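Visitor: Right, I'll just put the structure down here and ask away after.
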Amino acid sequence: FGVALLCSGFAAAGALVSPNGHDIATRVVVDYGDLDLARPEAAETLYRRIASAARRACDEPRPGDLPQLRRYQACYQIAMTQAVNKVNAQTLTALHRARTQRSTPG
């Protein structure tokens, strides 16, 4: 998957694979310039924004489409992790670690 990310007040997440199997980079930009990431509630807000962007960029699968579900899950996990790493804020990283230890994408 090609996941494209931007930061410095913006985070971006996502990628998808076309029906013919070729990678298509998709970028969804998330603004977080309005958030003080030292505050846990701000990190939670940004995490929700990144998750929403990852869902859009990774092309949520139709019910019952198991191959697409697997691609989506991999894309979502990669997009979330890369966006969190790119932002590089302790509160956001801690939140991501806590969520990924006990939950699934979407």
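Visitor: So how many residues does the stretch 53-100 have that are open to solvent by 40 Å² or more (accessible area, probe 1.4 Å), out of contact with any strand residue (DSSP E or B) (no Cβ under 7 Å at 6 or more places or on another chain) and more than 28 Å from ALA38 (Cβ to Cβ)?
Guide: Qualifying residue count, the stretch 53-100: 9.
Visitor: While we're looking at this one, here's another question. Taking the stated definitions as given, is GLY14 modelled with pLDDT under 85, in contact with a Cys (Cβ under 6 Å, 6 or more places away or on another chain), surrounded by 12 or more Cβ atoms within 10 Å (Cβ to Cβ) and not aliphatic (A, V, I, L, M)? Even if it seems obvious, please write down each step before you answer.
Guide: Values: modelled with pLDDT under 85: yes; in contact with a Cys (Cβ under 6 Å, 6 or more places away or on another chain): yes; surrounded by 12 or more Cβ atoms within 10 Å (Cβ to Cβ): yes; not aliphatic (A, V, I, L, M): yes.
The answer is yes for GLY14.
Visitor: Looking at the stretch 37-105, what helices (runs of 4 or more DSSP H) fall wholly within it and have at least 3 residues that are β-branched (Val, Ile, Thr) and in contact (Cβ under 8 Å) with a residue 12 or more places away in the chain?
Guide: On the way: elements: 40-57, 66-87, 90-100.
Hits in the stretch 37-105: 66-87.
The values are calculated or read from the model by the stated rules, or taken from the named source; none is laboratory data. It should be emphasised that the depicted structure is a prediction, and the values quoted were computed from it without experimental measurement. Ideal geometry is used to build each Cβ from the backbone, glycine not excepted, and the neighbour counts take in all protein chains shown. Side chains are part of the model used for accessible areas, which takes the heavy atoms of the whole protein and leaves out ligands, DNA and RNA. Shrake-Rupley method; radii C 1.70, N 1.55, O 1.52, S 1.80 Å.
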